[in-house]
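Heads up, the thing below is written out as structure tokens.
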Amino acid sequence: MAPIATAPDQCPVCKGDQTTNPHMQFKINVACYHRICESCIDRHYKDSGSKNCPVYGCDKILWKRDWRKQTFEDLRVEREVEIRKRVEAILQRDEDEFEDLRAYNDYLELREIMVMNLILNTDVNATNKKLEKYQRANNHFVDKSLKDATGQKPKKRAVDDSVADPSGLIQGLRKIVAPVRIPDYDAFEGMHAAYDYFTLKDEYHEHWTKGGISSSALAGGFDFQATAEEALLTAFAGLGVFIEDEKAQAVGATASSFTQPAKTAVDDVF
């Protein structure tokens, strides 16, 4: 990687500066942190696709979308912030996930060591491998452009939900306890909801349904199953009712209501 340009107001590609062109705008990328003017970026990426960084001696493959405006004046601060954002996005564990405070503090120390290794360019390859292993083991997003030692792209692996960290990078995590499954709500409380005289089918292929149901009826809330169920209930509702027996019972009840009660002899007190 080519060194970062020391002149903050000069483009390392066209050698232009803001003294001769006050409207010059610079952009950077998070791969090599070279600061290049927008004109050189547009000219370099006039054809769609990925290309090498336009700075001479830099072999980073970048897309045009990888370039953005600088947030901090010092590129070293910009680089440190990006590294911290990347590491914290991968290692995002809360205190309540650990067994005790000591384990959580050890985790914070481990994360800070990884950040400083990347910032100071110390054991960069080993640190990146640990982060990638943690990502794959915990089913996190892994950049598809990364390849393993065999040259193959990493595949999505099955994750054991009972293990807090399958990669083994973080120690002291609480064991994952699966919550007790709550049974589905049963409005009938176990009562068998079935019909005695008919069976409701899932589909009906009759001559009057061949044309299908209009979209306007479906948009209005029409439900064919509900309509069929209501029609069948109406059709079979009277099969268990016998009118003659009900009439006889009604006549008997009416006659008994008009029967004179028996007289009871009562002594006259006078």
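Where a number appears in this text, it was derived from the coordinates with a stated rule and is not lab data. Remember, it's a predicted structure, so these values are computed and weren't measured experimentally. Neighbour counts run over all protein chains shown; Cβ positions are idealised from the backbone, glycine included.
Each label was represented as a point 7 Å from its Cα along the Cα-to-Cβ direction; for Leu239 and Asp96 these points are 5.7 nm apart.
When you count the other C-beta atoms within 10 angstrom of each residue and take the mean per peptide, 101-108, 127-134, 216-223 line up highest first as 127-134, 101-108, 216-223. Phi angles of region 58-71 translate, via the Karplus equation with coefficients 6.51, -1.76, 1.60 and θ = phi - 60°, into HN-Hα couplings of 9, 9, 6, 8, 10, 9, 5, 5, 6, 8, 8, 6, 6, 8 Hz per residue; Gly and Pro are given as x. Compared with the direct C-alpha span, the chain from Glu230 to Asn52 gains 57.0 nm at full extension, assuming 0.36 nm per residue.
Extension gain, Lys85 to Thr20, is 19.8 nm, computed as 0.36 nm per intervening residue step minus the present C-alpha separation. If each Cα of region 1-116 is one equal point scatterer, what is log10 of I(q)/I(0) from the Debye formula at q = 0.09, 0.11, 0.14, 0.23 Å⁻¹? Log-scaled intensity ratios, in q order: -0.35, -0.48, -0.67, -1.30.
The label-point distance for Lys201 and Tyr185, in a model that sets each label 7 Å from Cα toward Cβ, rounds to 3.3 nm. In region 1-70, taking the dipole from charged Cβ atoms about the Cα centre, the farthest positive-side position among Tyr45, His23, Tyr33 is held by Tyr45. Distance between the pseudo-spin-label points of Glu73 and Ser167 (7 Å out from Cα toward the beta carbon): 3.7 nm.
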